[in-house]
1. Of the residues that make up the stretch 86-102, is at least one touching a strand residue (DSSP E or B) at 6+ places or on another chain (Cβ under 6 Å), among the hydroxyl-bearing types (S, T, Y) and touching a residue at least 12 places away in the same chain (Cβ under 8 Å)?
2. Run T237 past the list (1) open to solvent by 40 Å² or more (accessible area, probe 1.4 Å); (2) polar (S, T, N, Q); (3) modelled with pLDDT of 80 or more and report the number of the one that doesn't hold.
3. Considering only residues of the stretch 310-333 that are among the charged types (D, E, K, R) and open to solvent by 60 Å² or more (accessible area, probe 1.4 Å), which is nearest to V248 (Cα to Cα)?
4. Tally up the residues in the stretch 107-149 that are modelled with pLDDT under 90 and open to solvent by 60 Å² or more (accessible area, probe 1.4 Å), please.
5. Closer than 30 Å to F151 by Cβ, touching a Ser or Thr at 6+ places or on another chain (Cβ under 6 Å) and surrounded by 13 or more Cβ atoms within 10 Å (Cβ to Cβ): which single residue out of V248, V272 fits that description?
6. Given the criteria part of a helix (DSSP H, G or I) and on the phi > 0 side of the Ramachandran plot, does G213 qualify?
7. Kindly provide the set of residues from the stretch 440-464 that are among the aliphatic types (A, V, I, L, M) and exposed (fewer than 14 other Cβ atoms within 10 Å of the Cβ), ordered by number.
8. Among the listed residues R238, R230, R258, identify the single one that is of a type in the set (D, E, K, R), touching a strand residue (DSSP E or B) at 6+ places or on another chain (Cβ under 8 Å) and more than 15 Å from V206 (Cβ to Cβ).
Amino acid sequence: MVERSGEEAPVASRRLSSLRLRILFLICLVAVPLSIERIMALLADRQDQIQSIKDDVRDLVRRATLAQLEGLTRARTVLDVVSRQAESLLEDPDTCIRFVTRLADQVAGIQGVFIATPEGDVKCAHAPLVMGVNIADRPFFRQALAAEDMFMTDLFFSPISGRNSVFLLRTERAPSGKPLAVAGIILDLQWLSRIAAGSAVESGAVVDVAGEGGAVLVRYPTLADVVEHRFPDHPLTRHIMAAEEGVVATIGYDGKERIFAFNRFEGLDLRVVVGIDTAKVLTPIDAKIQTTAIAYFAALGCFLLVSWFAAERIVITPIARLTRSVAAVGRGEADHVKDNNVAEFAPLVRAFNEMARRLSQRNSELRTMNGRLASLARTDGLTGLANRRTFDVQFSQDWVRARGDGAPLTLVMLDVDHFKAFNDARGHLSGDEALRGVARMLSAAATGTTHLVARYGGEEFIVLMSGVDLAAGRAFAEDVRRLLSEVAIAHPASPRRRLTASFGVASAIPTLDDSPDTLVAAADAALYEAKRSGRDRVVANTDRFAGGANGTFA
């Protein structure tokens, strides 16, 4: 019962751990919800801040759109005026040139004005370089002729001006629909950029004006790698081209994470995009959340440590002392459980002491029973000899020892002849008695020696002889065979009319290259040779580890 007490110790340890966790849980029931509530409040503040930022960005993009729209509206108004007078202006080129030059110089947002015939010949323009140029092969001219209303080009490189340009074009048509002239306005991208700068300078925002396919016409602050470049597959382009307006948090054209708001110009494939750096606006609130969280968890940690120490001293330590005292009794190191001066534990201490007294009595009985069981596990139930398992263990140990000492190891294996016929003739009870008789003779022959006599299985027996050579083993076998002959146990079914046995002997000095099984096989081969040769005899295997027909027997 002491061993049983020892088995209970892990369960007690788990219960102590569980008690600590429960104490910790009670502490956390108070501290953790308060911390969670505060963190949730900070997170809610963060969401409100983000929503406020989105509202600010929407307001910025509306103002930026209005500012840009003012310039584009002037450009569209000028284009409308020029296109309606285009046919008459082409009749007086000098007057037309003065007119469009004045418009280009005086109207903000316009870089230039030109009028071309339906065949693509530029007859009137603000810049002399443009005069006389045929633009019939230009894609934008063909698109303008095909368009029913005002048409805005994508960002393209103009070989005449040597710069990236964007045109507003409109075709003046006769009542029949025949083109009469094509008027064009070259937008002043730098002027649009200045408008963008005015929209963003106070807020610290980024303003982009993007055309079809993600072509960035204007950007503030100016960035050479962005302005007048195309970003057709950029995440921001996909977002702003998928809707008329909206707010999205994504990576900008410069690779920085921002919150963007965008609006589309009515009637034009242009988007004004305003973005505010996410890190700049979220860093303060994130830092506040982090500082608060650290302070809360630091305070919680200190509170837990103090509470844990108090619980250990007040609750856990007395239980641990009681457990150690009980465990000492269970291991047999003490005969009673010590009182730890805790009134609530007094009944438990008395119960444990009574249990310890009974356990001590039962422990003595169990030791006696365990000894008997161990003996039964090592011996054969019928003959009282060592069993096969005991032989295998002893054989392995003796093999290693003999290999280290360079000493011989000899096996004598015997098998009762015609034993099945004996059982059939005289019955199994007589057969069991005969096996016990053989066992007694083997034990008598091994008396006074260190030989191990074991029942190998059925009617087979084996003798392990350490430090004995082949000749001594053979002499031992002959003694046993003679004793069995002298006893003369009647065997009606045997040719000799008495019980006999065949013996096989093998011996070797083990080496590192050998296996114990080879010595057993050699003894078994000698036993087989004894039976093949007529039974009731001793055969020694004189060849080291030879077996079967290849062995040399004597």
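The values are calculated or read from the model by the stated rules, or taken from the named source; none is laboratory data. Quantities reported herein were computed from a predicted structural model and do not represent experimental measurements. As a convention, Cβ positions derive from the backbone with ideal geometry for all residues, glycine included, and neighbour counts pool all protein chains shown. The protein model used for the area step is the full one, side chains on, heavy atoms only, and it has no ligands, DNA or RNA in it. Shrake-Rupley method; radii C 1.70, N 1.55, O 1.52, S 1.80 Å.
1. Within the stretch 86-102, none of the residues are touching a strand residue (DSSP E or B) at 6+ places or on another chain (Cβ under 6 Å), among the hydroxyl-bearing types (S, T, Y) and touching a residue at least 12 places away in the same chain (Cβ under 8 Å).
2. (1)
3. Within the stretch 310-333, the subset among the charged types (D, E, K, R) is 312-313, 321, 324, 331, 333.
Retained after the next criterion (residues that are open to solvent by 60 Å² or more (accessible area, probe 1.4 Å)): 313, 321, 324, 331, 333.
Values: R313: 57, R321: 64, R324: 65, R331: 71, E333: 75 Å.
For the stretch 310-333, the residue satisfying everything is R313.
4. The qualifying residues number 13.
5. On the way: V248 fails: touching a Ser or Thr at 6+ places or on another chain (Cβ under 6 Å).
Result: V272 is the single residue among V248, V272 that is closer than 30 Å to F151 by Cβ, touching a Ser or Thr at 6+ places or on another chain (Cβ under 6 Å) and surrounded by 13 or more Cβ atoms within 10 Å (Cβ to Cβ).
6. Details: part of a helix (DSSP H, G or I): yes; on the phi > 0 side of the Ramachandran plot: yes.
Taking the combined requirement at face value, the residue satisfies it.
7. Let us first name the residues in the stretch 440-464 that are among the aliphatic types (A, V, I, L, M), namely 441-442, 444-446, 452-454, 462-464.
Hit for the stretch 440-464 is A444, nothing else.
8. R230
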